[in-house]
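Right, one structure below, let's go through it.
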Amino acid sequence: MDAIFHITMACLIGFFVWAAVALVRRTRQRRAAWESGLTAQARVVRAWATTQVVNNVARRVQWHEYDFTTRDGRFVRFKENGGPRDRSVGDHIVVHYAPHEPDRATASAPQPGKDTAAAVFGVLVLAFCTVYTVYQWIELSQY
């Protein structure tokens, strides 16, 4: 029984670390796309919504799939969540992309301050969860 407990706690901590790294990586990719100054006209290929239920409260997440052509002629298709609900298939919008990672483009308008603040808040919450989990792991291991 102790093995299951220790494996579960290690997996929880691993998840928190993975989530923090993924959050920072996506924030840096968006910032690189905005700072590159490269934009392209993109077309919405697919639009769909998913629903997440947390504590009996449904939350709608809007997804879009875009395709565009870079300045050097490469065709790129990427997916992004969190876009506006009124964006539909066939719409043309401006996307920002970095030359070294065009498949990590973003269709959102540049908001580096807001994006950084959200990332810092998210990492702080995940760090708190990690520290609390380690504390509980130590406390509960003594019994």
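The values are calculated or read from the model by the stated rules, or taken from the named source; none is laboratory data. All figures in this text were calculated on a predicted structure; none of them were measured in a lab. Cβ coordinates were reconstructed from backbone atoms using ideal geometry, including for glycine residues, and neighbour counts include every protein chain displayed. Just the protein is used for accessible areas: all its heavy atoms, side chains included, with ligands, DNA and RNA removed. Shrake-Rupley method; radii C 1.70, N 1.55, O 1.52, S 1.80 Å.
Below is a table of values for the structure above.
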| quantity | calculated |
| --- | --- |
| Computed over the chain, Cα set: Rg, Dmax in Å | 19.5, 63 |
| ALA58-GLN111 pseudo-label distance in nm [points 7 Å out on the Cα-to-Cβ vector] | 2.5 |
| The chain - percent of accessible surface contributed by carbon and sulfur, probe 1.4 Å | 61 |
| Segment 38-126: relative contact order as a whole-number percent, Cα under 8 Å and 6+ apart | 28 |
| Å² of accessible area per residue within segment 47-143, as computed with a 1.4 Å probe and no ligands counted | 67 |
| Distance cut-off 16 Å, percentage of C-alpha pairs in segment 23-89 lying past it | 61 |
